[in-house]
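The values are calculated or read from the model by the stated rules, or taken from the named source; none is laboratory data. Since this is a predicted model, take the numbers as computed values, not measurements. Neighbour counts run over all protein chains shown; Cβ positions are idealised from the backbone, glycine included. Only protein heavy atoms, including side chains, enter the accessible area calculation; ligands, DNA and RNA are left aside. Shrake-Rupley method; radii C 1.70, N 1.55, O 1.52, S 1.80 Å.
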Amino acid sequence: MRSCFREYYCKWHAKYIRTPNIGKLLTLLVKISGAKEILEIGALGGYSGICLVRGLQKEGHLTSLELKQEYAQLAHENLKKAGFGDRVTYYTGEALKSLDQLEMQQKKFDFIFIDADKENYPNYLDCSLRLANPGALIVGDNVLQRGQVYDFSHVDLRTENMRAFNHRMANDPNLESIILPVGQGLSIGRVKG
Ligand SMILES: C[S@@+](CC[C@H](N)C(=O)[O-])C[C@H]1O[C@@H](n2cnc3c(N)ncnc32)[C@H](O)[C@@H]1O
């Protein structure tokens with residue numbers, strides 16, 4: 001009975017909660033890339049934020065965009081608990097507006113993690129390409145959408161836009177990229193330069 005419950009819980013956790021290997025992978029990617037400035041689009045409770053900052057060198061910084069003030073506050077509290085409270089700046093509101101603001105401030109990033117509303121992934125990719133330093137990594141989460149992206153009988157805006165994002169990541173001449181089938185699919189693109 002006990003092991004039955006554990007098996008059920010593990011399946012539920014793997015399906016609905018971010019699996020630890022994604023977090024570990026994010027930390028490793030940041031470390032391997034040597035990124036100093038990270039941009040995160042979609043903060044929620046700060047889980048990916050903590051994993052990203054863990055990979056940073058001492059002087060590195062995370063800029064995180066979040067629609068909802070209460071999530072940005074929660075994420076910040078969690079980063080504080082992890083000892084990273086002074087390593088992050090939050091922008092709240094529509095990410096596309098914050099991205100315009102960052103462009104106007106001529107900010108540049110070495111690592112961009114896209115994990116907000118799926119409908120806007122192609123727009124986030126356009127902005128990311130403008131904000132990325134040469135050699136930067138652009139990483140998109142949930143790009144396989146539980147298999148919906150390759151089930152062509154599945155048609156909705158969210159899935160169509162995710163297909164467009166994946167197509168662009170694979171074919172943009174400024175990117176070399178791959179999709180890893182971890183979690184719900186992680187797309188990793190390196191900006192040539
Ligand atoms: C999947 S969750 C992010 C999870 C987080 N990256 C992590 O791994 O811990 C998506 C987040 O994007 C935020 N979001 C949704 N639409 C957004 C928008 N238009 N602009 C900014 N953030 C948005 C949601 O409020 C939510 O917190």
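Worth pointing out:
- At least 1 residues being over 17 Å from the mean Cα position of the chain (by Cα) and over 20 Å from LEU175 (Cα atoms) is the threshold, and among the helices (runs of 4 or more DSSP H) wholly inside segment 56-143 those reaching it are 69-81, 95-104.
- Per the listing LEU144, LEU137, the residue uniquely buried (at least 19 other Cβ atoms within 10 Å of the Cβ), more than 24 Å from LEU62 (Cβ to Cβ) and modelled with pLDDT of 95 or more is LEU144.
- If you go through segment 18-34 and pick out every residue that is away from the ligand (no atom under 11 Å from the Cβ) and surrounded by 24 or more Cβ atoms within 10 Å (Cβ to Cβ), you end up with 1.
- Within segment 36-51, the residues that satisfy the criterion of being closer than 17 Å to LEU65 by Cβ and not in a helix (DSSP H, G or I) are GLU37, ILE38, LEU39, GLU40, ILE41, GLY42, ALA43, LEU44, GLY45, GLY46.
- Among the residues of segment 123-171, those that are of a type in the set (A, V, I, L, M) and over 23 Å from ASP110 (Cβ atoms) comprise LEU144, VAL149, VAL155, LEU157, MET162, ALA164.
- Verdict on GLU94 being surrounded by fewer than 19 Cβ atoms within 10 Å (Cβ to Cβ) and more than 22 Å from ALA75 (Cα to Cα): no
- Remark: pairs (first residue in segment 85-104, over 18 Å from LYS68 (Cα atoms); second residue among the small types (Gly, Ala, Ser); Cβ separation under 6 Å; 6+ apart in sequence or on different chains) are absent.
- When residues in segment 32-84 are screened for being among the acidic types (Asp, Glu), farther than 25 Å from ASP126 by Cα and touching a residue at least 12 places away in the same chain (Cβ under 8 Å), 2 of them pass.
- For segment 55-70, a residue qualifies if it is open to solvent by 80 Å² or more (accessible area, probe 1.4 Å) and within 13 Å of the ligand (Cβ to nearest atom), and the qualifying residues are LEU67, LYS68, GLN69, GLU70.
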